[in-house]
Amino acid sequence: MAHTNNNTEEYRFSIEYYVFRENDNLIAYCPSLDISTSGKDYTDAVKNFYERFQIYVETCLEMGTLWDDLKDHGWKVSERKLTPPPFSKLVRKPEVSKLLGGHTNYEKISSPMRIKAMA
């Protein structure tokens with residue numbers, strides 16, 4: 001689905017992701033995009049997450065699937081706004097509940113992100 005946004009030069013939104021320890025690594029996981037990365041420490045895991053997010057967006061844009069993929073993940077996509085699904089809805093998914101439910105020590109991060117409007 002082609003999407004344009006003539007009112008702004010980019011979409012700005014926030015996504016939530018979670019950082020938790022698994023064995024000797026820290027995992028950064030975003031359930032609203034089903035993206036995860038790992039790192040040897042907190043800084044490495046977060047840096048890898050931002051790189052993975054960028055690769056995800058670039059790959060979807062190249063394939064022309066970004067808007068459909070976001071909708072498939074439960075995002076609301078309009079001409080002016082991208083809205084991720086609420087965490088309360090995501091946590092009901094068995095895979096998310098199992099993953100985060102087993103980790104009582106995780107940090108929730110809400111981070112501003114941007115995608116170019118002519119995507």
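Throughout, read-outs are computed from the coordinates displayed, never taken from laboratory work. Since the model is a prediction, treat every value here as computed from it, not as a measurement. Backbone-built Cβ (ideal geometry, glycine too); neighbour counts: all protein chains shown.
Things to note:
- Two-decimal Rg/Rh across region 11-116, once Rg and the Kirkwood Rh are taken from alpha-carbon atoms: 0.96
- Each label was represented as a point 7 Å from its Cα along the Cα-to-Cβ direction; for residue 69 and residue 114 these points are 2.0 nm apart.
- In whole percents, the pair-distance distribution calculated for region 44-86 from its alpha-carbon pairs, binned every 10 Å from zero, is 27, 47, 25, 1.
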